[in-house]
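Visitor: After the structure tokens below, expect a handful of questions from me.
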Amino acid sequence: MWQAGHREAVRTYLGHELVVTGLSVNSANSLMCSGSRDNSVRIWDVQTGACIRENTLSRNLITHMKWASGEDMIAQTGEDKEVRIWDPRTLQIVQTFPRKQYIQTYCDISADNHYCLTSSNGFSGSGCEATLWDLRTTKIVCEYKGHVETTAACSFLPEVNGRNLIVTSSNDCSVRIWDRESQECLCSIVISGSGPLSALVAYPDMSICVSSFNTGIHVFSLHQDQAGQFELRRKCVF
């Protein structure tokens, strides 16, 4: 764990035997979940660094995890194409979704905890979609198609003038903003030479931070003009 203004790590969490591929903290920042290619999911005490729960599931090669806001619910995607919901109090699986054709690479949970968003591996336009799931029915609501290579990351965005939005990033070097209900791509930007865009995080001020293989970390801001058109503007690169 790192803290702004400090050059050294504040705390290290030891226990996984292979690379850690998923991390998320609860709303109180008191507990953290982690997932690894060692097939295990763990719950940690953030302050002490102690592992307080662990569950190992055969062939569960975890790609991403997301702790729901204010709820005892963790979403997890994996290379077995499964989307799982865990109860962090027991670290047991309480919900699974129908398996998709391609590996699910990333996940997010909406602020109202009603929906889960996942992104899909793929090639040459086959797969490469993001999928909106209803957590109450475990059914697909809709898919967002347009990326031509693996959609590596996805996130819900804050509502803008009554429109629910999502953002995706892809190995095709593009970031796209979508209307959640209509599935329309509202705007996009291509980061030339970036290589795969492997992860992203969205902030309440509509800033979007995207990591790339080749060109560092890119920060964009989402703007809407008087005509209602959306635009991604580059803020900075690290």
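The values are calculated or read from the model by the stated rules, or taken from the named source; none is laboratory data. Keep in mind that this is a model prediction, so the values were computed, not measured. All Cβ positions, glycine included, derive from the backbone under ideal geometry; neighbour counts span all protein chains shown. Areas reflect the complete protein model, heavy atoms only, side chains present, ligands, DNA and RNA absent. Shrake-Rupley method; radii C 1.70, N 1.55, O 1.52, S 1.80 Å.
Visitor: Which whole-Hz ³J(HN,Hα) couplings does segment 182-192 yield from phi under the Karplus relation 6.51 cos²θ - 1.76 cosθ + 1.60, θ = phi - 60°, glycine and proline marked x?
Guide: My calculation for segment 182-192 gives 8, 6, 6, 7, 7, 6, 8, 9, 10, 9, 4 Hz in order.
Visitor: For segment 97-113, what does the Karplus curve 6.51 cos²θ - 1.76 cosθ + 1.60, with θ = phi - 60°, yield as ³J(HN,Hα) per residue in whole Hz, taken in order and with x for Gly and Pro?
Guide: For segment 97-113, the Karplus-derived couplings read 10, x, 5, 8, 6, 10, 4, 8, 9, 7, 8, 8, 10, 5, 4, 8, 6 Hz, x marking Gly and Pro.
Visitor: While we're here: Search the structure for amide H atoms under 5 Å from the amide H of Arg163, placed 1.01 Å from N in the peptide plane, and list their residues when 5 or more places away or on another chain.
Guide: Close amide H contacts, sequence-distant or interchain: none at all.
Visitor: Roughly how many debye, to the nearest 20, is the charge dipole of segment 103-194 about its Cα centre, given +1 on each Lys and Arg Cβ, -1 on each Asp and Glu Cβ, and no other charges?
Guide: So the dipole magnitude of segment 103-194 works out to roughly 60 debye.
Visitor: Shifting gears a bit: Please build a GNM for the chain, connecting alpha carbons under 10 Å apart, and tell me which residue among Ile103, Ile62, Ile93 fluctuates the most.
Guide: Between Ile103, Ile62, Ile93, it is Ile93 that shows the largest mean-square fluctuation.
Visitor: For the chain, rounded, prolate or oblate, judged on the Cα gyration tensor with a ≥ b ≥ c (square roots of eigenvalues), a/c < 1.5 rounded, else prolate if a/b > b/c?
Guide: prolate
Visitor: Only Cα pairs within less than 10 Å get springs; with that Gaussian network setup on the chain, which residue of Leu18, Leu31, Leu61 has the largest fluctuation?
Guide: Sorting by GNM fluctuation, first place goes to Leu18.
Visitor: Let me ask you something else. Could you pull out every residue, at least 5 positions away or on a different chain, whose amide H is within less than 5 Å of the one on Val83? Hs are placed 1.01 Å off N in the peptide plane, and Pro or chain starts have none.
Guide: Phe97
Visitor: Please name which of Ser36, Asn121, Ser194 has its Cα lying farthest along the dipole of the chain towards the positive end, using unit charges on Cβ (Lys, Arg +1; Asp, Glu -1) and the Cα centre as origin.
Guide: Toward the positive end, the furthest listed residue is Ser36.
Visitor: To continue, here is another question. Rounded to the nearest percent, how much of the accessible area of segment 9-100 (1.4 Å probe, protein heavy atoms only) is carbon and sulfur?
Guide: 47
Visitor: Roughly how many whole Å is it from the C-alpha centroid of segment 98-130 to that of segment 152-224?
Guide: 15
Visitor: Could you report the chain's accessible area per residue, 1.4 Å probe, as an integer in Å²?
Guide: 49
Visitor: What is the dipole size for the chain, taken about its Cα centre, with +1 at each Lys and Arg Cβ and -1 at each Asp and Glu Cβ, in debye to the nearest 20?
Guide: That gives the chain a dipole magnitude of about 280 debye.
Visitor: Check Ala152: other-chain or 5+ apart residues with amide H under 5 Å from its amide H, H built from backbone geometry?
Guide: Ser169, Ser170, Asn171
Visitor: How many nm separate the modelled label positions at Thr96 and Glu8, each set 7 Å beyond the Cα in the direction of the Cβ?
Guide: With each label point 7 Å from Cα toward Cβ, the separation is 4.5 nm.
Visitor: Per residue of segment 22-27, what does 6.51 cos²θ - 1.76 cosθ + 1.60 with θ = phi - 60° give for ³J(HN,Hα)? Whole Hz please, x for Gly and Pro, Karplus curve as stated.
Guide: After applying 6.51 cos²θ - 1.76 cosθ + 1.60, I find x, 9, 7, 10, 7, 4 Hz.
Visitor: Which one, Gln183, Gln104, Gln226, has the greatest fluctuation when you compute a Gaussian network model over the chain with C-alpha springs under 10 angstrom?
Guide: Gln226
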